Amino acid sequence: MITNEKMFSSSENIKKEYCAQIVRIGELIPIEGSDFLAQVTVSGTSMVVRKDEFKTGDYVIYCKNETVLNEEFLSKNNLYESSEFMRNSNRDKVIPLKEKILELSNKPVKTEEDEAQIQELEMQIKSFCGFFNKYGRVKMIRLRGIPSFGFLIKLDTLANWKPQVKNIDLSKLIVNEEMGIGIDFDTVCDDKFIEVYIPPVKEKPTSNSQKREKKRQQKIEKFERISKNDFAFHYDTNRLDDNIWRISPTDNVSISSKLHGTSGIFANIPVKTPIKLTLVERFWNYLHKKANELTIYLSKKVTENYKIEYGNVYSSRGVIKNQFINSKVTDGFYGTDVWADINEVLKPYILQGMTIYGEICGYISESNKMIQKGYDYGCRIGTNFFMPYRITTMEENGNKREWEVTEVYEWTVNLINDHPELKDKIHPITILYNGTLSDLYPDVSIQNHWHENVLSKMRNDKERFYMECNDPTCKNKVPFEGIVLRVSNDDKSEAFKLKTTAFFEKERKNIDKGEVDIEMSSTL
């Protein structure tokens, strides 16, 4: 039996930016020109709601932007659009209406009454259906010119799919009363409810040579070099909207530009280096491998076929490129290994125990294709650069030290000063502000909705943070992506991002076209 506490849960791979959240509805602000729509801030995010469906103080479920909802949930609530009515549970009500429209449409001569009846039937069909396409995607829309990010549902709607949740008190799941923000989850009663949306991509046909290469690689015994304890992918950068309540007016923070490129990780960490064993040692190891039932009689210890020493490791956001020996590094998403290019530039300067995280921006090496469409960041065609935004080092006591943003900036500047030939390939992080948020916005009262008001100030700060402006470093006219905030001397390694509405709109249009962003993909 599932307890109330576990009805809303997080899967092992939950992405906090793309999940569901318990929230409390704030003040409804009327929208000019509409009698039934209102704007509301939910979890620091703009939403447009119907005033006859939601009211201030309601506890509801917020499905975040660019997510996919469970098919059965959508079907049970008849939320698929009219063109996908067969997916809805009330399809039997729609089928007769569709048949009547077909009958009227096939008449040799249609009268005005026929046309009016067809329109009336189509309106009835729409009233039986929702607005989700076949993919079940939640996306940003504008209603009366107001941006609305995500999708709100009441508990009763969720209970149509999972009746067990009907009597849960959502107010008990709020973690910050001031902003009405509750727990994140992606699973309901052990079933996946929501996940990140990735547009379908047509697979390129595999050539015969590629098939032969893949078959050859499968035959090669892979030697894994990496210890999972020594290498760490970058943590997810969660939304500032969801986390602003965790930051106090007196916390010292660093706010930097968020660049739209692709993530790279470059490290000098302990790795396994293979060593050649004698014929006797290899035979002894073979016995242990092939005859486990005899192991108790084989007292001699297996001879390890590797030694541990420091070595270079590099990766994309989710794939270690040189994890194995005798395994070809694939070209990956871009058709060329931009990570290997940056690694060759950077690896001579990575100290033992150091891991550098950052963004690769500009063009794919020696290509006229950009890493992210439109975002040239001032690069010449065919060139790119790497911007370190995070560094960790292993201390003598074995503990990992997280560098402050200012330290990352200083390390990068010193590297460029000492090696001027790197100035086009390595760029320092752009720190837009360093200090407390109370000093940044001294006019905002700490006593009255300070977090919400500061977030609103930041979201609209064109002068300091280029919010809703074009990116000042790009030759092309593209929206500035946003900012990243990190709390100084934070015990936990984390950062929070605040993206612009203009960037979200551009991202939505790209996704509508089926253009996959590598940073959204789960197979990075």
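The values are calculated or read from the model by the stated rules, or taken from the named source; none is laboratory data. Just so it is clear, the model here is predicted, and its values are computed rather than measured. No Cβ is skipped: glycine too gets one built from the backbone with ideal geometry, and neighbour counts run over all protein chains shown. Remember, those area values only see protein heavy atoms, side chains included, never the ligands or the DNA or RNA. Shrake-Rupley method; radii C 1.70, N 1.55, O 1.52, S 1.80 Å.
Roughly how many Å² is the accessible area per residue of the stretch 38-108, as a whole number, for a 1.4 Å probe?
Working: 3320 Å² over 71 residues.
Solvent-accessible surface per residue comes out at 47 Å².
Once amide H atoms are built 1.01 Å from N in the peptide plane, which residues 5 or more positions from residue 19, or in another chain, come under 5 Å H to H?
When sequence neighbours closer than 5 places are left aside, the close amide H contacts are 64.
Treating only the Cβ atoms of Lys and Arg (+1) and Asp and Glu (-1) as charged, compute the dipole magnitude of the stretch 374-465 about its Cα centre; round to the nearest 20 debye.
Values: 10 positive and 15 negative charges, 74 e Å.
Dipole about the Cα centre, nearest 20: 360 debye.
Pop out the carbon and sulfur fraction of the accessible area of the stretch 24-71 as a percent, whole number, probe 1.4 Å. Let's see the in-between values first.
Details: 990 of 2090 Å².
Here it works out to 47 percent.
Return the distance in nm (one decimal) between the two label points of a simple spin-label model at residue 417 and residue 112, each offset 7 Å from Cα along Cα→Cβ.
Placing both labels 7 Å along Cα→Cβ, they lie 8.3 nm apart.
Subtracting the Cα-Cα distance from 0.36 nm times the residue separation, let me have the gained length for residue 169 to residue 392 in nm, one decimal. Before the final figure, lay out each step's value.
Values: separation 223, 0.36 × 223 = 80.28 nm, distance 4.22 nm.
Extending this stretch completely gives an extra 76.1 nm.
For a quick protection proxy, order the peptides 499-511, 37-49 by their average other-Cβ count within 10 Å, most packed first. Display every interim value, and only then the final one.
Values: 499-511: 18.1, 37-49: 21.5.
Sorting 499-511, 37-49 by mean packing, highest first, produces 37-49, 499-511.
Using 7 Å Cα-to-Cβ label points, what is the residue 312/residue 34 separation (nm, one decimal)?
5.5
Charges on Cβ only, +1 for Lys and Arg, -1 for Asp and Glu, centred on the Cα centroid of the stretch 50-118; of 86, 68, 102, which one is farthest towards the dipole's positive end?
Highest projection toward the positive end goes to 68.
Tally up the carbon and sulfur contribution to the accessible surface of the stretch 357-413 as a whole percent, 1.4 Å probe, everything protein left in place.
46
Which whole-number value in Å² is the accessible area per residue of the stretch 331-404, probe 1.4 Å?
Working: 3240 Å² over 74 residues.
Solvent-accessible surface per residue comes out at 44 Å².
Report the gain in length on full extension from residue 102 to residue 366: 0.36 nm times residue separation, minus Cα-Cα distance, nm rounded to one decimal. Spell out each step's value before the answer.
Values: separation 264, 0.36 × 264 = 95.04 nm, distance 5.59 nm.
So the chain would gain 89.5 nm between residue 102 and residue 366.
Distance in nm between label sites at residue 477 and residue 404, each 7 Å beyond Cα in the beta-carbon direction?
For the pair residue 477/residue 404, the computed spacing is 4.1 nm.
Nothing charged except the Cβ atoms of Lys and Arg (+1) and of Asp and Glu (-1): what's the magnitude of the dipole of the stretch 385-524 about its Cα centre? Round to the nearest 20 debye. Walk me through the numbers before you get to the answer.
Details: 19 positive and 26 negative charges, 110 e Å.
Its charge dipole is roughly 520 debye.
Students often check this: by mean Cβ neighbours within 10 Å, which of 106-115, 449-458, 20-29 ranks highest, and how do the rest follow? Provide the component values of the computation, followed by the final result.
On the way: 106-115: 9.1, 449-458: 18.4, 20-29: 20.3.
Averaged packing, sorted descending, gives the order 20-29, 449-458, 106-115.
Which entries of 347/492; 55/154; 321/492; 477/499 show an alpha-carbon separation above 23 angstrom in the structure shown?
Beyond 23 Å: 347/492; 321/492.
What does the charge dipole of the stretch 91-156 about its Cα centre add up to, to the nearest 20 debye, if the Cβ of each Lys and Arg holds +1 and the Cβ of each Asp and Glu holds -1? If you can, show how the numbers build up before the last one.
On the way: 13 positive and 10 negative charges, 133 e Å.
Result for the stretch 91-156 is approximately 640 debye, rounded to the nearest 20.
Could you list which residues have their amide H under 5 Å from that of residue 468, counting only those 5 or more apart in sequence or on another chain, with H placed in the peptide plane?
The list, which skips near neighbours in sequence, is 501, 502.
What are the ³J(HN,Hα) values, in whole Hz, obtained from phi via the Karplus relation 6.51 cos²θ - 1.76 cosθ + 1.60 with θ = phi - 60°, for each residue of the stretch 99-108 in sequence order, with x given for Gly and Pro?
5, 5, 4, 5, 4, 5, 5, 8, 5, x
Report the number of Lys pairs in the stretch 105-147 whose alpha-carbons are under 27 Å apart, with separation of 8 or more residues or on distinct chains.
The result is 4.
Among 46, 22, 135, whose Cα sits farthest toward the positive end of the charge dipole of the stretch 1-145 (+1 at Cβ of Lys/Arg, -1 at Cβ of Asp/Glu, about the Cα centre)?
Looking along the dipole axis, the top candidate is 22.
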